[in-house]
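Q: Starting off with a structure, shown below.
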Amino acid sequence: METNTINITEKFKLFSDHWSPKVIAEMNDYQFKLAKVEGEFVWHAHEESDETCIIIDGELTIEFRDKSVHLKKGEMCVVPKGVEHKPVAKSECQIMLIEPKGIVNTGDAGVEKTAENDVWI
């Protein structure tokens, strides 16, 4: 494994699609993914793992069945495994996801917003 600097701002300039996470690094069996999100995603859960979402720029609300968590730049939330959630961004938001390699972005929902997995930039 190489030890190089990864410039997150520059990585975000390399893509424009929404809801399609891009891998920028791996640590053990975990991947660090960047995504641009806007609008509503789908209700889904990740049965096999927790998921961490860090807001790099913008704002994001993660809706749960019993509450909502509103996140701003510099904030993060850990969604426990098996918990249904739906991310919503009123305007474009840049996020970093930290999750095990192989996790599908739509979890158990299996819908048209399922992105190709393990795409590196």
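Quick note: the coordinates plus some simple rules give every number you see, no bench work behind them. It should be emphasised that the depicted structure is a prediction, and the values quoted were computed from it without experimental measurement. Cβ placement follows ideal geometry from the backbone for every residue including glycine, while neighbour counts extend to all protein chains displayed.
Q: Give me Rg over Rh for the chain, both radii from the alpha carbons and Rh done the Kirkwood way, two decimal places.
A: 0.93
Q: Using a Gaussian network model of the chain whose springs link C-alpha atoms within less than 10 Å, name the residue from Met76, Met96, Met27 with the highest mean-square fluctuation.
A: Met27
Q: Follow-up question, since we're still on this one. For Leu14 paired with Glu38, estimate the spin-label separation in nm (one decimal), with each label point 7 Å from Cα along the Cα-to-Cβ line.
A: 2.1 nm
Q: Right, something else. Please report, in debye to the nearest 20, how large the charge dipole of region 8-100 is about its Cα centre when each Lys and Arg carries +1 at its beta carbon and each Asp and Glu carries -1 there.
A: 300 debye
Q: Would you compute, from DSSP H runs of 4+ residues alone, the mean residue ellipticity of the chain at 222 nm, taking -39500 (n - 2.57) per run and dividing by the full residue count, rounded to the nearest 500?
A: -1000 deg cm²/dmol
Q: Tell me the net charge near Ile98. Cut-off is 12 Å between Cβ atoms, Ile98 excluded, with +1 for each Lys or Arg and -1 for each Asp or Glu.
A: Summing Lys/Arg as +1 and Asp/Glu as -1 gives -3.
Q: Over the Cα atoms of region 12-82, what is the Rg over Rh ratio if Rh follows Kirkwood?
A: 0.94
Q: Give the calculated FRET efficiency between Lys90 and Trp120 to the nearest 0.05, with a Förster radius of 35 Å applied to their Cβ-Cβ distance.
A: 0.75
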